[in-house]
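Values quoted throughout were computed directly from the atomic coordinates according to the rules given, and no laboratory measurement underlies them. Owing to the predicted nature of the structure, the values given are computational and were not obtained by experimental measurement. Methodologically, a virtual Cβ is constructed for each residue, glycine included, from the backbone with ideal geometry; neighbour enumeration extends over all protein chains shown.
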Amino acid sequence: MRYVRRFSRTERVLHWVNAIGFFLLLATGLILYLPSLAADVGDRPTIKDIHFWGGIGWVAALVLVALLGDRRGLLRTAREIDGFSKQDLNWLRRRRPSEQGRFNAGQKLNASLTAAYLVLFFVSGMLLWAGERDTRFRFASTVILHDGLLYASLALLVGHLYLAVIHPATRHALRGMVTGTVREDWAHAHHPRWDVSD
C-alpha cells in the first residue's frame, strides 16, 4: 500500500498546538461559565488566571510555530484554503461532479472559521480582561460575543471530531494529521484534483 504526504510537520504542529490550547481554554472557560463546575473547583481566581494566560500562550504558541516553521508551506496552504472554486461550490451543494483538491470545501470553511474564531476569542477576551481593570473597556456586547463564540466553536468542534474520528469515509484523514501521510488510493478517491506529487 502506498502513502502520500498530506501535511507537513509545521502544519501538524500548528494543528495540535491549536487543539491543545483550545481544549485548555474550553475546560477553564466552562468552569468559569457554569456555576456547578465553579463550585466544585472552588478557586475561581486561579482558574481565571489560567484561562487568561492560557489564551495568551495559545496565540503566542501559534505565532511561534508559524514563524519558526515552514512559512512558505503555510502560505501555500493558506492560499489553497482561501481559494474557492466552482467544484467547492458544487461540493457544498452536493452536486456532481464536485472533485476536490487537497482540501474539500468543508475543510476550507472549517479552517477559515477556526481562524476567525481564534481572532475573535482573543480580541473579546482581551477586552473582558481590560474591562475588569478599566471601565472604559467594558462593553455589554463583548460578553455576548465571547459566549456566542463558545457555542459556535463547540458546534464546529463536534462536527470536526465526528468526521475525523467516527465517520468511516473520512476518519482516515486523521492519519494525515498524526503521521503526515494518507493512503494514495484514499487521496485519489476523496481528493481527485489534488496533485499528490507536490
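A straight chain from R79 to I20 at 0.36 nm per residue would run longer than the Cα-Cα distance by 18.7 nm.
Over region 3-190, the pair-distance histogram of Cα-Cα distances with 5 Å bins from zero comes to 1, 7, 13, 17, 18, 15, 11, 8, 6, 3, 1, 0 percent, rounded to whole numbers. Taking Cβ atoms as reference points and 15 Å as the exclusive limit, the residues near D49 contribute a net charge of +1, counting Lys and Arg as +1 and Asp and Glu as -1. Net charge of the neighbourhood of T10, taken over other residues with C-beta under 12 Å away and scored Lys/Arg +1, Asp/Glu -1, is +3. Its alpha carbons give region 70-127 an Rg and a Dmax of 14.1, 46 Å.
From the alpha carbon centroid of region 46-89 to that of region 127-198 is 11 Å.
Only helices reaching 24 angstrom along their own axis (Cα) with mean Kyte-Doolittle hydropathy no lower than 0.5 count here, and for the DSSP H runs of the chain these are 9-33, 44-68, 105-133, 140-161. Derived scalar couplings between HN and Hα for region 179-186 equal 9, x, 10, 9, 5, 4, 5, 5 Hz in order, rounded to whole Hz, by the Karplus curve 6.51 cos²θ - 1.76 cosθ + 1.60 (θ = phi - 60°), x for Gly and Pro.
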